[in-house]
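Q: Quick one: this structure, given as structure tokens, is what I'll be asking you about.
The values are calculated or read from the model by the stated rules, or taken from the named source; none is laboratory data. What you are looking at is a predicted structure, and each value in this text was computed from that prediction instead of being measured. Methodologically, a virtual Cβ is constructed for each residue, glycine included, from the backbone with ideal geometry; neighbour enumeration extends over all protein chains shown. Only protein heavy atoms, including side chains, enter the accessible area calculation; ligands, DNA and RNA are left aside. Shrake-Rupley method; radii C 1.70, N 1.55, O 1.52, S 1.80 Å.
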Amino acid sequence: MLDLKDVVTINNKKYLLSTIDVSVQLNAYPIMGALEYSFETALFRINDNNEVYWVVSYCCKYKTIEEAEKGHKDFLKRVQNGEKMTFLERT
């Protein structure tokens, strides 16, 4: 089971970066059916009260755990390198 969580700051706003094994969710939500991708990285805004706003600001899906772990680490590197993420300018 994969469950990576990091709080990151982008454009002076806090976000939760979460990479999970979505196949685990199939037990709770069987209507989802078989998934082509078993893992996903998602980014959620954290408000001024440190509450997570559970609307996805970014999402990337992966077939393997190795891809998911690499995707999570790569996103963290992008943040650490100060990469401008224009897709977040509206959040």
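Q: Taking only Cα atoms, what is the 0 to 90° angle, nearest 10, from helix 65-80's long axis to the longest principal axis of the chain?
A: Helix 65-80 sits roughly 10 degrees off the main axis of the chain.
Q: To continue, here is another question. Of the listed values [x] 6.3; [y] 5.6; [z] 6.8, identify the label whose number matches mean projected area of the Cα convex hull in nm² calculated from this model.
A: Given [x] 6.3; [y] 5.6; [z] 6.8, the structure-derived one carries the label [x].
Q: Still on this structure, I have one more. For the chain, what relative contact order do you get, as a whole percent, if you take Cα pairs closer than 8 Å and at least 6 residues apart? If you can, show how the numbers build up before the last one.
A: Values: 143 pairs, mean separation 23.9, N = 91.
In percent, rounded to a whole number, it is 26.
Q: If the cut-off is a Cα-Cα distance under 18 Å, which aspartates and glutamates reach K63, setting aside same-chain residues fewer than 8 apart in sequence?
A: Answer for K63, where 18 Å is the Cα cut-off: D3, D21, E36, E40, D74, listed by chain and number.
Q: Over the chain, average the accessible area per residue using a 1.4 Å probe and give it in Å², no decimals.
A: Details: 6150 Å² over 91 residues.
Accessible surface, normalised per residue, equals 68 Å².
Q: Within straight cross-link reach of K13, meaning Cα distance under 27 Å, which lysines are found once same-chain residues fewer than 8 apart are removed?
A: Answer for K13, where 27 Å is the Cα cut-off: K5, K61, K70, K73, K77, K84, listed by chain and number.
Q: Probe radius 1.4 Å, ligands and nucleic acids ignored: give me the carbon and sulfur share of the accessible area of the chain as a rounded percent.
A: 51 percent
Q: Okay, next question. Based on DSSP loop calls and a cut-off of at most 12 other Cβ atoms within 10 Å, the longest stretch of the chain free of exposed GluC sites (Glu not before Pro) is what?
A: Segment 1-35 is the longest.
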